[in-house]
Amino acid sequence: MSGPPSPSPTRWFKSLRRARPEEPCLKMYPLQCEGLLKRARGAFQTGRTMKESFRLAQLEALLRMVEEHECDLVEALGRDLHKPRFESIVSELILVKNEAQHAINHLKKWMQPQHMEKNLSTTLDQCLVVSEPLGVVFIMGTWCSPVQMCLVPLVGAIAAGNCAIIRPSDTAANTAQLLHRLVPHYLDNDCYYVILTAAHDLPEIVELRFDHVFFSGNKEEGLKIAQAAAHTLTSVTLILGGKNPCYVDQSCDIVTTAQRISWARFHNAGQSLVAPDYILCHADVQTRLIQAIKCCIMQFYGTDPRESRSFGRMVNLEAFTRIRDVLWRSGKVSVGGQVLEAERYVAPTVVSEVTGSDPIMQQDVLGPVLPVLTVHSVDEAISFINKQEKPLCVYVYSSNSKVISRVMAETSSGGFCSNDSVLQSLMSSLPFGGVGTSGMGSIHGRASFDTFSHRKSCLLRSGPFECVTYLRYPPYDERNLSLLTWASSLSQRSQGWCQIL
């Protein structure tokens, strides 16, 4: 979609709302998926994915797919999430292209065996860690980033030498259908498949015994996926939502802070796993911050955000209803608050006088609503954060480096960012993932390669010569034990803790 089909933003939104997928969304059921899994496993066993040339060719094809079908992907995202073209390119397509190019640039180095330090007993040997592909992996993307969270992990799976079955979210039906049509034209048809299936079929499909499962989405669905994978002892990577706290210190620059928080919270109509979920700030800061955010909303989206082509809508009526209901039962609306069911429109909203027991604090927001809670010190903010489940991200705005260091050191989260928001989750050089209830494992760059690889420990013994290992053989005696203990102690002092047997 090169631009809105109508000069009127409201009519543009309505045209997107009425749009339907170009083709019927054919469902893939567990038995059919089992057949694809067998085909993919057969292709993997031929060894074709092990070759560097094959991996590079597939990564280059994926990069070409995104570049050649940018307009189609933007249009599909507009239909599903009503994303402005700018947001679709910046937050989805550029990130995928950067990941693919990063993997292409570094693949040769990633594939090389890693030589490890040796000890007295392995002086003449080689100690290596070899990254080998896991096999056939199952990738499930989330609806709030339907292109990024399907294709970024796919980059890692391809780079690591795996075959993959990709399941885009059925909530973002147009994007799912488009990926289903495009991928077979670019990637190897024996190794990579896109399936379209309902969410309730996913646990049964996971039980088919893949070699690894990647899931991004909410905690409730993630728990079901993890339980299903546990039945076959399948490893999982989970990127889950969480209530990401944002502490705003008295020393921060209010105007800049308001701009960066407003962009992160209201981007994609707030439908983001990594956006600040609530603000913690001192009462002295709160009034100025809310006023500054109000000014930012007007600057970003005009006097009526509903008419702005830079502001999206809720993905479906269920998401709209959930946000509307918690909005009316939590705190006091200080900015925005307008809703329109016919368009699934929720205005950029700030809610003050919120307490930890309010409904909006009991679930992930995933909408353009920003709760503000009052704390009286950084100690109180840290204490509040630590009483909650571990989030995907923690944010702090402050000009005091000691405050930043304290929040970073004394809280636990998947990622951390000071004086900005979301950027830590966009860099290929930084692993992106959760901890605790916000997930396990990580992706992006080398982390994606490692997630979809098995790091195999290898010791290549050079020949019949033995230094001290002959002391392990029976019959055992105290003299040999003393010599082994001495050799172990010597190894520890010279190379760190070593096991020589």
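The values are calculated or read from the model by the stated rules, or taken from the named source; none is laboratory data. Note that the coordinates shown come from a computational prediction; the quantities given were computed from them, not determined experimentally. Glycine gets a Cβ as well: all are built from the backbone with ideal geometry, and neighbour counts include every protein chain shown. Only protein heavy atoms, including side chains, enter the accessible area calculation; ligands, DNA and RNA are left aside. Shrake-Rupley method; radii C 1.70, N 1.55, O 1.52, S 1.80 Å.
Positive end of the dipole of region 357-406 (Cβ unit charges, origin at the Cα centre): among F384, V365, S398, the Cα lying farthest that way belongs to S398.
Of the beta bridges in region 347-501, as assigned by DSSP with both residues counted there, near 20 percent are antiparallel.
FRET efficiency for the E380 to W328 pair, using the beta carbon distance and R₀ = 35 Å, is estimated at 0.80. Percent of C-alpha pairs per 20 Å bin in the chain, short distances first: 22, 48, 24, 6, 0. Computed over neighbours whose Cβ is under 13 Å from that of Y193, the net charge equals +2, Lys and Arg +1, Asp and Glu -1. A compact globular protein would have a Cα radius of gyration near 2.2 N^0.38 Å; the ratio found for region 346-500 is 1.72. Taking the Cα centre of region 317-419 as reference, the dipole from Cβ charges on Lys and Arg (+1) and Asp and Glu (-1) amounts to some 160 debye. Per residue of the chain, the DSSP helices (runs of n ≥ 4 H) give a summed -39500 (n - 2.57) that works out to -13000 deg cm²/dmol at 222 nm. Between the Cα long axis of helix 52-68 and the first principal axis of the chain there is an angle of about 10°, rounded to the nearest 10. In terms of Cα atoms, the Rg and Dmax of region 30-84 work out to 16.4, 44 Å. Using Cβ point charges alone (K and R +1, D and E -1), the dipole size of the chain about the Cα centre works out to roughly 320 debye.
Averaged per residue, region 350-501 has 51 square angstrom of accessible surface, using a 1.4 angstrom probe with ligands and nucleic acids left out. Give the calculated FRET efficiency between R455 and D304 to the nearest 0.05, with a Förster radius of 51 Å applied to their Cβ-Cβ distance. Computed FRET efficiency for R455 and D304: 0.40.
Tell me, what is the Rg over Rh of region 259-415, with Rh the Kirkwood radius over Cα pairs? We get a ratio of 0.96 for region 259-415. Protection proxy ranking, highest mean first, for peptides 150-161, 453-464, 341-352, 420-431: 150-161, 341-352, 420-431, 453-464, where packing is the per-residue count of other beta-carbon atoms within 10 Å, averaged.
Highest mean packing first, where packing is the average number of other Cβ atoms within 10 Å per residue, the peptides 367-375, 60-68 line up as 367-375, 60-68. Region 285-299 and region 229-265 have Cα centres spaced 20 Å apart. Using the average count of surrounding beta-carbon atoms within 10 Å as a protection proxy, the listed peptides 232-238, 384-390 rank, highest first, as 232-238, 384-390. Assuming a ≥ b ≥ c are the square roots of the Cα gyration tensor eigenvalues, decide whether region 304-349 counts as rounded (a/c under 1.5), prolate (otherwise, with a/b larger than b/c) or oblate. It comes out oblate by the Cα gyration axes. Potential lengthening of the chain between S251 and S429 amounts to 61.1 nm, from the contour at 0.36 nm per residue minus the alpha-carbon distance. The distance from the alpha carbon centre of region 84-149 to that of region 393-438 is 22 Å, rounded to a whole number. The reciprocal of the average 1/r between distinct C-alpha atoms defines the Kirkwood hydrodynamic radius, which for region 217-282 equals 14.2 Å.
Relative to the dominant Cα principal axis of the chain, helix 94-111 is inclined by about 0°.
Mind running the shape call on region 265-324? Use the C-alpha gyration tensor, a ≥ b ≥ c as the square roots of the eigenvalues: rounded below 1.5 for a/c, prolate if a/b tops b/c, oblate otherwise. The shape class here is oblate. Here the label points at Q227 and V129, each 7 Å from Cα along the C-beta direction, are separated by 3.4 nm in the simple model. For region 109-249, the convex hull drawn through the C-alpha positions has a volume of 191 cubic angstrom per residue. Take the Kirkwood radius over Cα pairs of region 425-467, plug it into Stokes-Einstein at 10 °C and 1.306 mPa s, and you get 122 µm²/s for translational diffusion. Any idea what angle helix 317-327 forms with the longest principal axis of the chain, computed on alpha-carbon atoms, 0 to 90 degrees, nearest 10? So the helix axis and the longest Cα principal axis differ by about 80 degrees. With the simple spin-label model, which puts each label point 7 Å out from Cα in the Cβ direction, the E318 to S405 separation comes to 4.7 nm.
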